[in-house]
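Below you'll find the structure, written out as structure tokens, and then a few comments.
Just so it is clear, none of the values below were taken in a lab; they were calculated from the coordinates. This structure is a prediction, so every number in the text was calculated from the model and none was measured. No Cβ is skipped: glycine too gets one built from the backbone with ideal geometry, and neighbour counts run over all protein chains shown.
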Amino acid sequence: MIKTIAIIGAGQMGNGIAHVFALKGFEVLLSDISQEQIKKGLATIEQSLGRQVNKGLIKTEQKTAALALIKPAIDVDALKNVDLVIEAAAENEVIKKAIYAKLKGVLKPEAIICSNTSSISITRLAAATDRPERFMGMHFMNPVPRMELVELVRGIATDETVYKTIHELTLKLGKTSATAEDFPAFIVNRILLPMINEAIYALYEGVGSVQNIDTAMKLGAHHPMGPLELADFIGLDTCHAIMQVLYEGLADSKYRPCPLLAKYVEAGWLGRKTGKGFYNYSGPVPVPTR
């Protein structure tokens, strides 16, 4: 039975995952490369829980109880007794494999490792661990507290009992699961990211401005958020990384990342998290940068 969870990565995804687990009564260890990163993650969780209290979605006592269940963990040895590790680091295979290397010899034999990767091969990541049969993908959607879906992805070595355990855990979190095969970008991003990439191509080729492309898709296709606004929300570096995985993994030119997307990433214009992407977020209202 899973009672204690370690989340490695206290950023946008990691703190959201910690939030939902703690709210459901699980003990959570939140880990990152520095105490400062963990503090930022904890502050974000407290703010998010506060918003839920203000909206009447949870009670103040639930917020207090959830925060009490989350503990910081800088040293990897602190994870030796956890039942489940969820790696929620950047969408970079080298970084993820370095994390798994540090976990070798630390976790108890029965512990399960899941990756929150949104595109990278689960089979390949599993091979970098000391327990490929107890490794699988558990891809949460962003923002984690609000989004209902979790993609579950088995690698070639994943034990069926491990899959069933994580499936049941997903239900306990109040989430719905969608099982995806281990192909590049799985289901959601296999469909979503090429659409975003095509919107960037439309901008690159002068088909429409940032504002017109987003307005067209919001009103013409009834999307709650335009594709360029959504790209900024996801992070342009993440968008580029996923498109690169699709392009390299499927060897099809239709997945080639738009050169304009690459330029924005090179400029450090990564979207909301840096204050500038397809929109500039420095003022009270986001303003298109093109």
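Considering only DSSP beta bridges whose two residues both sit in the chain, what percent are antiparallel, to the nearest 5?
Counting only bridges with both partners in the chain, antiparallel ones make up about 25 percent.
Can you give the helix-only mean residue ellipticity at 222 nm for the chain, where every DSSP H stretch with n ≥ 4 adds -39500 (n - 2.57) and the sum goes over all residues, rounded to the nearest 500 deg cm²/dmol? Mind dumping the intermediate values first?
Working: 11 runs with 130 residues, N = 290.
Mean residue ellipticity at 222 nm (helix-derived): -14000 deg cm²/dmol.
Got a sec? Charge dipole of region 189-280, +1 on Cβ for Lys and Arg, -1 for Asp and Glu; which of Pro257, Ala216, Val245 is way out at the positive end?
Of Pro257, Ala216, Val245, it is Ala216.
Could you work out the relative contact order of region 141-290, using alpha carbon pairs under 8 angstrom and six or more residues apart, expressed as a whole percent? It would help to have the intermediate numbers written out before the result.
Values: 182 pairs, mean separation 27.3, N = 150.
Reported as a whole number, the value is 18 percent.
Which residue, Leu79, Thr161, Leu193, has the largest displacement toward the positive end of the dipole of the chain when charges sit on each Cβ (Lys, Arg +1; Asp, Glu -1)?
Farthest along the dipole direction, towards plus: Leu79.
To the nearest 20 debye, what is the magnitude of the charge dipole of region 4-180 about its Cα centre, counting +1 on the Cβ of each Lys and Arg and -1 on the Cβ of each Asp and Glu? List each step's numbers first, then the result.
Numbers: 22 positive and 19 negative charges, 67 e Å.
Dipole of region 4-180, to the nearest 20 debye: 320 debye.
Between region 36-58 and region 66-88, how far is it from one alpha carbon centroid to the other, in angstrom?
Using only Cα atoms, the two centres lie 18 Å from each other.
Give the share of C-alpha pairs in each 10 angstrom bin for the chain, from 0 to the last occupied bin, in whole percents, shortest bins first.
6, 27, 34, 24, 8, 0
Once the piece of chain linking Leu57 and Val287 is laid out straight, how much longer is it, given 0.36 nm per residue of separation minus the C-alpha distance between them?
Values: separation 230, 0.36 × 230 = 82.80 nm, distance 3.16 nm.
Difference between extended and current length: 79.6 nm.
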